[in-house]
1. What number of residues within the range 401-422 are at pLDDT 95 or above, open to solvent by 20 Å² or more (accessible area, probe 1.4 Å) and under 24 Å from Arg141 (Cβ atoms)?
2. Scanning for something touching a strand residue (DSSP E or B) at 6+ places or on another chain (Cβ under 8 Å), of a type in the set (Ser, Thr, Tyr) and crowded, with 21+ Cβ neighbours inside 10 Å, does the range 242-251 turn up at least one residue?
3. So which of Val294, Val327 is farther than 24 Å from Glu196 by Cα and open to solvent by less than 10 Å² (accessible area, probe 1.4 Å)?
4. Tell me, which residue of the range 381-400 that is open to solvent by less than 40 Å² (accessible area, probe 1.4 Å) and among the small types (Gly, Ala, Ser) is nearest to Gly469 (Cα to Cα)?
5. Need a quick list: helices (runs of 4 or more DSSP H) entirely within the range 140-250 having at least 1 residues that are without any contact (Cβ under 8 Å) to a residue 24 or more places away in the chain.
6. Given the options Ala367, Ala371, name the one that is aliphatic (A, V, I, L, M), free of Cβ contacts under 8 Å to residues at least 12 places away in the same chain, open to solvent by 60 Å² or more (accessible area, probe 1.4 Å) and more than 30 Å from Gly147 (Cα to Cα).
7. Restricted to the range 453-487, and to residues that are under 23 Å from the mean Cα position of the chain (by Cα) and among the polar types (S, T, N, Q), which residue is nearest to Pro442 (Cα to Cα)?
Amino acid sequence: MDHTQAPVLEALRRHHERGELAFTPPGHKQARGADPQARAILGDAVYHTDLLASGGLDDRRTRGDVLLRAERLMADAVHAEHTYFTTCGSSLSVKAAMLALAGPSDKLIVGRDAHKSVISGLILSGIEPVWVDPRWDEKQRFAHAPGPEAFEEVLSRHPDARGALVTSPTPYGACAPLEDIADIFHARGLPLIVDEAWGAHLPFHPDLPSWAMDAGADVCVTSIHKMGSGLEQGSVYHLQGSLIETNTLQSRADLFGTTSPSVLIYAGLDAWRRQMVLHGKDLLDDALRLAADVRRAIDEIPGLHVLGRDDLVGPGLSVDFDPLPMVIDVSGLGTSGYRAADWLRTEHHIDVHLADHRRINAQLTHADSAATTQPLIGALRDLAEHAGDLAAGMPDIDVPSGEDMRLDQACRPRDAYFRPSEAVRPERAAGRVAAEMITPYPPGIPAVLPGERLTEPVLRYLRTGLRGGMNLPDASDPELATIRVIK
């Protein structure tokens, strides 16, 4: 296929050249009615690109196949059989994939390190999750994706499950043994979904971990805006094999998708595919060399350590890792990732992504260069020089062991979420069944799910985490003065 083409971008150019006059949404009418201050800040190009997908970018019956051609090019670029664009992020895509496998009361085997969007899908669908415990890293005090032996054991106890969902890479860049897991389920004629939201770049360089389609996944969900150069909310899901029907997946996606998709986001997806096919290897060559240099420079800073292969890969851990996320352990400074992240933003106007009780993540992509990484390294050196200030009065964050972190599932997430509930104080919540999600964010992996029985170790982790700077945006009370439990 001709990957110099970009069907969405080319259709936009033709639309502008023809001077189409719209009496349709959006109501700003190609910027003419937009707020002047918004136009000054956003630029008119944003509004000029914001038009209807059908009846604007394409005709009212989409006979130009603009989107279809762009999706086919994307599938060809990554060697998938089918690819679909969405403009509601991978949070939508993963729900559609789940419902393509299972329906109300059906069982789906899911790694307990799943993102909150997966849990939302369980609540909406009524699917019964069968949890697979992640591999707990006692040294790092975080979880790696479950191993194949864990999936095998759970499947032997629940042979009526409809398939499985695994997250890889994790937000820490660690990768699951996808090929082994896929073999386990395919041997029984069951499909595998991979939430690969952090892996958009993986198909485009041989030195990066294997991506989900090459490893045998049936559906792979990818956020192009995370490690690619698409716009926020730009997501794709890829499909291969015969275990999930194309029409079924499309129908499920239609349940969740908007009827007013953003052409701006479509254009970002289309342009990123062309960029990576034509230049991705060279761009990622540069990014990987830069990442190696940045890792060495950060590791030379007293009190800091960038997690690498020795930390993430090995027996009982992960099988591979992505070197582009700079996951930096700041515990040697006597402080938390929460404090370090806040200090870097306040003092140096540098925003990092993930922050937890002892780490921050400064993720690199092909967009970075010495112009961006040198200020980062300088700010981290300054961070180390202020270690005393950052450590002063630092509250302890009580992170449970892996066994104590896991809660028993007393009922399905959907049943708990919609049951009558009441708010109780945390000190009275142990032993009660949660009626809500409670999620440290980012990375967005819930510590508590609806239907799980609360325990004192997890409640203590959340309370001490809040005092240390943890963010709990989806709790009914983000300050955790109360927690919603089933009556």
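The values are calculated or read from the model by the stated rules, or taken from the named source; none is laboratory data. Being a predicted model, the structure only gives us computed values, none of them experimental. FYI the Cβ positions are ideal-geometry reconstructions off the backbone, even for glycines, and counts take in every protein chain you see. For the accessible areas, the whole protein counts, side chains as well, though only heavy atoms, and no ligand, DNA or RNA atoms are used. Shrake-Rupley method; radii C 1.70, N 1.55, O 1.52, S 1.80 Å.
1. Matching residues across the range 401-422 total 2.
2. No, the conditions are met nowhere in the range 242-251.
3. Every option except Val294 fails the conditions.
4. Ala391
5. 148-157
6. Going through Ala367, Ala371 in turn, just one is aliphatic (A, V, I, L, M), free of Cβ contacts under 8 Å to residues at least 12 places away in the same chain, open to solvent by 60 Å² or more (accessible area, probe 1.4 Å) and more than 30 Å from Gly147 (Cα to Cα): Ala371.
7. The residue in question is Asn471.
A quick yes/no check of all residues on (1) more than 30 Å from Glu81 (Cβ to Cβ); (2) at pLDDT 95 or above:
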{"position": "Ser260", "(1), (2)": "no, no"}
{"position": "Gly280", "(1), (2)": "no, yes"}
{"position": "Ala291", "(1), (2)": "yes, yes"}
{"position": "Asp320", "(1), (2)": "no, yes"}
{"position": "Leu324", "(1), (2)": "no, yes"}
{"position": "Ile328", "(1), (2)": "yes, yes"}
{"position": "Tyr338", "(1), (2)": "yes, yes"}
